[in-house]
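Visitor: Dumping the structure here so I can ask a few things about it.
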Amino acid sequence: MDPVTLAVLDNRLRAIVEEMGEAMLRTSYSQILNSSRDFSVALCGADGGLVAQADHIPVHVGALRFAVEAALEQFPTPRDGDIFLLNDPYNGGSHLPDLTIMLPVFSEGQRCFYAVVRAHVPDIGGATHGGYNPGAADIWSEGVRIPPIRLGEDGGLREDLIRMLCANTRVPRDVRGDLMAMVGAARVGAARVAALLAQHGHSSLMAAVEAILDLSEAHARRILAAWPDGSWAGEAILDDDGHGRENIAIRATCTKTGSDLHIDLSASDDEAVGFVNSSYPNMRSAVAMAFAYLLDADVSKNDGAFRPLRVTARQGSIVWANEGRPVTLCTSHPGNEIVEAIIRAMQHACPDRVMGGWGRRFRVAIQGRAPGGKSFVWHLFHARPGGGASANGDGWNTAGEWHSAGGLKFGSIEQAEARFPLLFESHEFRANSGGEGQYRGGTGAELRLRVEAEGTALANTAGDGARHGSAGVMGGQDSQPHHYVLRGADGSARILRTKEVGVPIQPGDVLHLQSAGGGGWGDRARRLPEAAARDIEEGYTA
């Protein structure tokens with residue numbers, strides 16, 4: 001097929017997933033999706049291989065092929081009009097709050113694509129609100145576990161299953177609305193693919209897809225081949241598991257030979273009691289993320305681009321937990337630390353491509369009642385940490401974490417205040433939070449948030465990085481860690497730990513949150529004087 005036609009079809013496929021993303025953004029109900037954009041969409045091939053993705057949440061997308069494979073294992077002969085759903089981390093999912101909708105697309109009687117949507121719902125049942133339970137010692141304490149099920153057939157939906165799912169959440173209206181948005185976005189993707197098949201024909205489009213994947217592989221291999229052969233080790237450390245175990249290590253050994261890269265995580269520490277374990281799909285996705293960050297921006301991040309990559313890990317470790325272990329924090333932690341360990345190893349192979357560590361996730365979920373008695377669950381997406389610096393310049397301020405790479409937004413402050421009993425007293429850059437270096441890590445944020453709920457509200461925290469900051473590379477410095485404090489209306493002050501359940505918040509209490517910055521890149525002695533002066537002028541350093 002000629003290059004022009006291939007380029008047109010590649011961009012048509014990307015346009016389809018982008019339209020699916022817009023459908024999700026415009027029709028989803030919960031703040032976590034329509035404001036913070038915690039969802040991802042993709043087109044996968046008949047066997048699950050990633051064909052096209054939109055720029056949303058990287059840690060979602062790398063795991064989607066495992067969802068399709070799990071659905072195919074349970075339903076090996078899907079029919080036109082079927083819709084599948086799962087969230088089980090041990091059956092194709094990453095963690096329970098992420099629901100995945102899969103809609104097969106047929107042409108000439110053959111299954112050729114899946115339109116896939118993964119979205120993080122605001123509550124998934126379980127012992128605590130918001131989907132994150134720092135006290136969980138098993139997956140059954142984390143929420144409703146959904147193995148691959150047929151949610152719909154013949155183009156319709158199973159209302160009985162939808163009612164069952166919504167009955168097990170604290171915010172059924174939002175979850176139902178979000179689920180319908182996911183189904184709608186998948187149907188948009190399926191309809192656009194069907195039109196593309198009708199225009200170009202089954203054989204031609206399938207041949208084009210294979211050619212696109214081959215081109216991505218060739219592009220990735222050209223980049224890898226330019227790096228020196230060798231083997232390098234990197235390490236990243238989790239603060240704790242919330243159950244008394246501290247300083248949990250994720251270790252990566254990266255071996256590059258020719259145009260192949262083998263990443264071995266087998267030396268990582270054993271699995272934990274708490275929810276910082278990773279499911280297998282999430283681990284594989286985190287490795288793919290790290291590799292993707294080292295490639296050129298114009299490499300299509302599809303199944304072809306990841307063909308040079310081989311992954312080894314040890315079941316029963318923190319990066320690949322045994323079935324039944326709690327894993328809800330895994331998309332953030334150890335997802336971020338898997339990336340960080342790999343990047344720290346690869347700084348020896350491709351120093352101009354690595355970046356300092358991005359800030360770690362430290363979320364707060366608040367459950368309470370607004371004045372008038374309406375219940376709510378609100379997830380903190382504000383006070384984003386800073387992004388890591390690179391050979392090309394300073395890190396992005398308040399960009400977020402490795403696993404989202406800026407894809408998660410904190411959304412409108414005014415909308416949050418209108419929808420929830422919250423008052424944002426201030427939301428600013430946090431001075432001196434980024435790691436120093438030739439290029440400075442991005443700053444974190446400083447937020448003062450007053451909670452004006454009716455009666456006592458309860459907060460759960462879920463995250464990491466209050467002990468360890470974001471890693472510097474190439475001689476750059478680590479960032480400042482997080483520092484979260486609950487300041488009572490009575491003048492009291494309580495430091496929030498990263499893994500707590502049921503923290504009472506009284507009306508008028510203020511969350512004073514200072515998030516981590518990004519890691520620095522290079523020796524700070526080589527920073528240009530005018531750059532250092534500009535940092536002081538802009539308030540990034542003091």
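The values are calculated or read from the model by the stated rules, or taken from the named source; none is laboratory data. Being a predicted model, the structure only gives us computed values, none of them experimental. Cβ placement follows ideal geometry from the backbone for every residue including glycine, while neighbour counts extend to all protein chains displayed. Accessible surface areas use protein heavy atoms only, side chains included; no ligands, DNA or RNA. Shrake-Rupley method; radii C 1.70, N 1.55, O 1.52, S 1.80 Å.
Visitor: Looking at (1) hydrophobic (A, V, I, L, M, F, W, C); (2) open to solvent by less than 10 Å² (accessible area, probe 1.4 Å); (3) over 14 Å from W396 (Cα atoms), which is the only condition L458 fails?
Guide: Status for L458: all satisfied but (2).
Visitor: Here's a follow-up. Tell me which residues, restricted to segment 505-542, are among the acidic types (D, E), in a loop (DSSP other than H, G, I, E, B) and surrounded by fewer than 21 Cβ atoms within 10 Å (Cβ to Cβ).
Guide: D523
Visitor: Restricted to segment 211-243, and to residues that are of a type in the set (D, E, K, R) and under 30 Å from V273 (Cβ atoms), which residue is most open to solvent (accessible area, probe 1.4 Å)?
Guide: Ranking the candidates gives E235 first.
Visitor: Looking at this structure, is N397 under 25 Å from G444 (Cα atoms) and open to solvent by 10 Å² or more (accessible area, probe 1.4 Å)?
Guide: Yes, satisfied.
Visitor: Note down all Cβ pairs under 7 Å where the first residue falls in segment 39-67 and is within 14 Å of A190 (Cβ to Cβ), the second is in a strand (DSSP E or B) and open to solvent by 30 Å² or more (accessible area, probe 1.4 Å), and they're at least six residues apart or on different chains.
Guide: Partner pairs satisfying both residue conditions: A42/Q53; A46/R111.
Visitor: Give the residues of segment 30-44 that are open to solvent by 10 Å² or more (accessible area, probe 1.4 Å) and either polar (S, T, N, Q) or under 22 Å from F75 (Cβ atoms) (or both), sorted by residue number.
Guide: Correct list: Q31, N34, S35.
Visitor: Another question, if that's okay. Confirm whether A365 is closer than 24 Å to T128 by Cβ, touching a strand residue (DSSP E or B) at 6+ places or on another chain (Cβ under 6 Å), open to solvent by less than 10 Å² (accessible area, probe 1.4 Å) and part of a loop (DSSP other than H, G, I, E, B).
Guide: no
Visitor: Being under 20 Å from D303 (Cβ atoms), aliphatic (A, V, I, L, M), at pLDDT below 95 and surrounded by 14 or more Cβ atoms within 10 Å (Cβ to Cβ) is the filter here, so list the residues in segment 4-25 that pass it.
Guide: Scanning segment 4-25 gives L6, L9.
Visitor: Further question on the same structure: Hey, can you tell me all the residues within segment 401-419 that are closer than 14 Å to H379 by Cβ, open to solvent by 70 Å² or more (accessible area, probe 1.4 Å) and either part of a loop (DSSP other than H, G, I, E, B) or among the hydrophobic types (A, V, I, L, M, F, W, C) (or both)?
Guide: Those that are closer than 14 Å to H379 by Cβ, open to solvent by 70 Å² or more (accessible area, probe 1.4 Å) and either part of a loop (DSSP other than H, G, I, E, B) or among the hydrophobic types (A, V, I, L, M, F, W, C) (or both): K409, F410.
Visitor: So, one more: Cβ-Cβ under 7 Å, sequence separation 6+ or interchain: first residue in segment 319-339 and within 15 Å of N133 (Cα to Cα), partner part of a helix (DSSP H, G or I) and open to solvent by 10 Å² or more (accessible area, probe 1.4 Å). Which pairs?
Guide: Note: pairs meeting the criteria are P326/S141.
Visitor: Take S259 and decide whether it is hydroxyl-bearing (S, T, Y), more than 30 Å from R363 (Cβ to Cβ), touching a residue at least 40 places away in the same chain (Cβ under 8 Å) and out of contact with any strand residue (DSSP E or B) (no Cβ under 9 Å at 6 or more places or on another chain).
Guide: Considered against the rule, which asks whether it is hydroxyl-bearing (S, T, Y), more than 30 Å from R363 (Cβ to Cβ), touching a residue at least 40 places away in the same chain (Cβ under 8 Å) and out of contact with any strand residue (DSSP E or B) (no Cβ under 9 Å at 6 or more places or on another chain), S259 comes out as yes.
Visitor: Quick check on this structure: which one of F381, F376, F424 is at pLDDT below 95, closer than 28 Å to T128 by Cα and not in a loop (DSSP other than H, G, I, E, B)?
Guide: F376
Visitor: What single numbered condition from (1) open to solvent by 10 Å² or more (accessible area, probe 1.4 Å); (2) in a helix (DSSP H, G or I) fails to hold for T169?
Guide: (2) is the only condition that T169 fails.
Visitor: Just give me the residues in segment 170-211 being modelled with pLDDT under 95 and β-branched (V, I, T), in sequence order.
Guide: Once the filter is applied, which keeps residues that are modelled with pLDDT under 95 and β-branched (V, I, T), segment 170-211 yields only V171.
Visitor: Quick check on my filter: what residues within segment 93-113 are open to solvent by 10 Å² or more (accessible area, probe 1.4 Å) and farther than 21 Å from M180 by Cα?
Guide: Matches in segment 93-113: F106, S107, E108, G109, Q110, R111.
Visitor: Are any residues in segment 464-503 small (G, A, S), assigned to a loop (DSSP other than H, G, I, E, B) and either crowded, with 24+ Cβ neighbours inside 10 Å or free of Cβ contacts under 8 Å to residues at least 24 places away in the same chain (or both), and if so, which ones?
Guide: G465, G469, S470, A471, G472, G476, S479, G488, A489, G491, S492
Visitor: Can you go through A349, A345, A341 and tell me which one is part of a helix (DSSP H, G or I) and touching a Cys at 6+ places or on another chain (Cβ under 8 Å)?
Guide: A345
Visitor: Find the strands (runs of 3 or more DSSP E) located wholly in segment 1-110 whose residues include 1 or more that are more than 18 Å from the chain's Cα centre (by Cα) and of a type in the set (G, A, S), and list them.
Guide: 39-45, 98-107
Visitor: For segment 19-36, indicate whether the set of residues that are over 25 Å from M289 (Cβ atoms) and free of Cβ contacts under 8 Å to residues at least 12 places away in the same chain is non-empty.
Guide: Yes: one or more hits.
Visitor: Now for a different question. Considering every residue within segment 124-135, establish whether at least one is buried (at least 20 other Cβ atoms within 10 Å of the Cβ), touching a residue at least 12 places away in the same chain (Cβ under 8 Å) and under 23 Å from F75 (Cβ atoms).
Guide: Within segment 124-135 (the criterion being buried (at least 20 other Cβ atoms within 10 Å of the Cβ), touching a residue at least 12 places away in the same chain (Cβ under 8 Å) and under 23 Å from F75 (Cβ atoms)), the answer is yes, since at least one residue qualifies.
Visitor: Another question, then. Scan segment 365-411 residue by residue and report those that are more than 21 Å from the chain's Cα centre (by Cα), more than 21 Å from M355 (Cβ to Cβ) and not hydrophobic (A, V, I, L, M, F, W, C).
Guide: Q367, G368, R369, P371, G372, G373, K374, S375
Visitor: Let me ask you something else. Given V354, V339, V327, which one is closer than 24 Å to R524 by Cα, of a type outside the set (F, W, Y) and in contact with a Leu (Cβ under 9 Å, 6 or more places away or on another chain)?
Guide: Sole residue among the options that is closer than 24 Å to R524 by Cα, of a type outside the set (F, W, Y) and in contact with a Leu (Cβ under 9 Å, 6 or more places away or on another chain): V354.
Visitor: Can I ask one more? For segment 471-494, does any single residue satisfy the condition of being modelled with pLDDT under 95, of a type in the set (A, V, I, L, M, F, W, C) and touching a strand residue (DSSP E or B) at 6+ places or on another chain (Cβ under 9 Å)?
Guide: Yes, segment 471-494 contains a residue that is modelled with pLDDT under 95, of a type in the set (A, V, I, L, M, F, W, C) and touching a strand residue (DSSP E or B) at 6+ places or on another chain (Cβ under 9 Å).
Visitor: Related question: So A185 clears everything in (1) in a loop (DSSP other than H, G, I, E, B); (2) closer than 19 Å to V68 by Cα; (3) open to solvent by less than 30 Å² (accessible area, probe 1.4 Å) except one condition, right? Which one?
Guide: All conditions pass for A185, except number (1).
Visitor: Can you name every one of the strands (runs of 3 or more DSSP E) wholly within segment 226-300 that holds 3 or more residues which are more than 22 Å from P89 (Cα to Cα) and of a type in the set (G, A, S)?
Guide: Strands (runs of 3 or more DSSP E) meeting the threshold: 230-240.
Visitor: Determine which member of the set R384, R440, R430, R448 is of a type in the set (D, E, K, R) and open to solvent by 40 Å² or more (accessible area, probe 1.4 Å).
Guide: After applying the criteria, what remains is R448.
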